[in-house]
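Enquirer: Quick one: the structure is below, and I'll ask about it shortly.
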Amino acid sequence: MNEINNPPLFIVDGTSDYMRAWTDITLRDLFAMAALSGMLSAEKLGTPADFGDDAYKYADAMLAQRVKP
């Protein structure tokens, strides 16, 4: 995933440990979190690994849509 399609979610100028913790979160991670939230609320059966894999598949699809004209 390249940086243009998957930018960091937060750009942080600062040195606090709390703020640095947020700099590793990307837009892909945010999309995966949103997808995971929806999947878990649907109460479907599956393993945590299945949910994680599926959440990132949805995130990748959303990122792909962002670059379409």
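Enquirer: As a test question: what accessible area, to the nearest 10 Å², does Asp24 have when a 1.4 Å probe is rolled over all protein chains in place?
Expert: Counting only protein heavy atoms, the figure is 120 Å².
Enquirer: Oh, and also: Please list 30-36, 61-67 highest first by mean number of surrounding beta-carbon atoms within 10 Å per residue.
Expert: Values: 30-36: 17.3, 61-67: 11.7.
Result, highest mean Cβ count within 10 Å first: 30-36, 61-67.
Enquirer: Here's another thing I want to ask about it. What's the local net charge at Phe31, with K and R +1, D and E -1, over the other residues with C-beta under 13 Å away?
Expert: Working: positive: Arg28, Lys57, Arg66; negative: Asp29, Asp54, Asp60.
Its environment carries a net charge of 0.
Enquirer: If each of Asp53 and Leu30 carries a label point 7 Å out from its Cα toward its Cβ, how far apart are those two points in nm?
Expert: Inter-label distance under the simple model: 2.8 nm.
Enquirer: Another question, then. Given R₀ = 25 Å, FRET efficiency for Ser41-Gln65 by Cβ-Cβ distance, to 0.05? Could you put the intermediate results ahead of the total?
Expert: Values: r = 22 Å, r/R0 = 0.89.
That gives a FRET efficiency of 0.65.
Enquirer: Whose amide H sits under 5 Å from the amide H of Thr26, counting only residues 5 or more places off or on another chain, with H placed in the peptide plane?
Expert: Sorted by chain and number, the residues that satisfy this are Leu9.
The values are calculated or read from the model by the stated rules, or taken from the named source; none is laboratory data. None of the values given here were measured: they were computed from a predicted structure. Positions of Cβ are backbone-derived with ideal geometry, glycine not excepted, and every protein chain shown enters the neighbour counts. Protein only, heavy atoms only, side chains kept; ligands, DNA and RNA dropped before computing areas. Shrake-Rupley method; radii C 1.70, N 1.55, O 1.52, S 1.80 Å.
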